[in-house]
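A short worksheet on the structure shown next.
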Amino acid sequence: MKNRILIFSFFVFAVIAMAVIGSLLKARSDQAKKLEIQSRDLAQFSEEKDSIAQVLGDATSSIANVYNQVSNVAGAVAVTKTLENIDNLNYKNQVAGKLAAISEVVTGYKQQMKTAEDRINTLKQRNSGFAQKLTVLEETVKKLKGTIEEQEVRIAQLSSELDLTRAERDKFKAEALAKAKKLVEKEQELTERTQALTETQSELYTAYFIVGTTDELSKKGYIEKKGSVLVFGGTWKPSDSLRVDESFTKIDTRKTMEIIMKSKFYRVVSVHDPKLLSPKPYEANNAPYSLKIGNPGRFWSQSKILIITED
């Protein structure tokens, strides 16, 4: 009897022990599954959070670029008021096209922010514990939405500026054409004055010279003897019928300060002051010979035609 009681007690203990162990194993299994689900949820949350962060990062850079484009178009809009006035109406259409394209891009980013906001809310609804970790993303979306709204307002303002009435455009066009015409006339007048001044200066500093023997120059009619009695005496002077032709050398008196000679024996036939030439006749030493002009302004003031004989 005693043995039966012991066997029964052992059996009961074994049943209780197995029940406890089974309960512990089940609890452990449930905990493992719960941790696995939490780990998977956390991994999915991190992946989704990183994806949203990447989208917002790209959007931040792109929206900043759009801001620059809007600024450039703002400058172009200002230019249209000038260009249209000189009958370049196509420019306005080009600017309007750029503005429409930028507006479409901004609308796309606006929708992108709405999508990002929905994704963040979905994450918060999935697990309230993730809310704190999403604060930075929510602030980023808020700032980007504000920037987009500012750009939309600026685009609307620029569109209004482009929408000039026909009367305004015609008025600006007429005024600008009148101003442009005056500017062209003034520019043409200035060009003509400059050209006339250049020609005058060129003539003022243009001179001619010829060097040759007395016989050569007299036969060509460039010089003639004056003051002689019968065939005696007299002095060689420029001919009264002297005309400059291709035999003369044309020079700029501001640049030419030296005349090349074949002989050191020379005589100035024209009215120029020989004292302003060096070396003096017969004083040159070595060939090739040349005459240097001192005080060109004074030298050429008496005549722009220089005649020198070499004998």
Efficiency of FRET from Cβ geometry, residue 143 and residue 100, R₀ 30 Å, rounded to 0.05: 0.70
Sites residue 93 and residue 60, calculated FRET efficiency, Cβ-Cβ separation with R0 30 Å, nearest 0.05: 0.40
Gain upon complete extension [residue 243, residue 135; 0.36 nm per residue less C-alpha separation]: 28.9 nm
Charge dipole (segment 206-310, unit charges on Cβ, about Cα centre) - positive-most of 212, 268, 301: 301
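Taking the Cβ-Cβ separation of residue 68 and residue 44 as r and a Förster radius of 41 Å, what is the calculated FRET efficiency to the nearest 0.05? Numbers along the way, then the final one.
On the way: r = 37 Å, r/R0 = 0.90.
Using R0 = 41 Å, I get an efficiency of 0.65.
Return the ratio Rg/(2.2 N^0.38 Å) for segment 142-298, where Rg is computed over Cα atoms only.
Values: Rg = 34.8 Å, N = 157, 2.2 N^0.38 = 15.0 Å.
Output field value: 2.31.
With the contact rule set at Cα under 8 Å and sequence spacing of 6 or more, what percent relative contact order holds for segment 206-310?
37
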Qualifying lysines (Cα of each under 28 Å from Cα of residue 143; at least 8 residues distant if same chain): 49, 98, 110, 114, 124, 133
Gained length - residue 285 relative to residue 199, 0.36 nm times residue gap less alpha-carbon distance: 27.0 nm
Qualifying aspartates and glutamates (Cα of each under 19 Å from Cα of residue 181; at least 8 residues distant if same chain): 84, 87, 170, 189, 192
Magnitude of the charge dipole, segment 206-310, Cβ model with Lys/Arg +1 and Asp/Glu -1, debye to 20: 220
Eligible aspartates and glutamates near residue 220 by straight Cα distance, threshold 14 Å, same-chain separation 8 or greater: 240, 245, 246
Links that overshoot a 24 Å alpha carbon limit, given the list 226/275; 225/255; 186/255; 92/171; 92/142; 219/304: 225/255; 186/255; 92/142
Simple label model, 7 Å out from Cα along Cβ direction - residue 183 to residue 265, nm: 6.9
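Bear in mind these aren't lab numbers, they're just calculated from the coordinates by the rules spelled out. What you are looking at is a predicted structure, and each value in this text was computed from that prediction instead of being measured. Because the Cβ atoms are built from the backbone with ideal geometry, glycine has one as well, and the counts that use them run over all protein chains shown.
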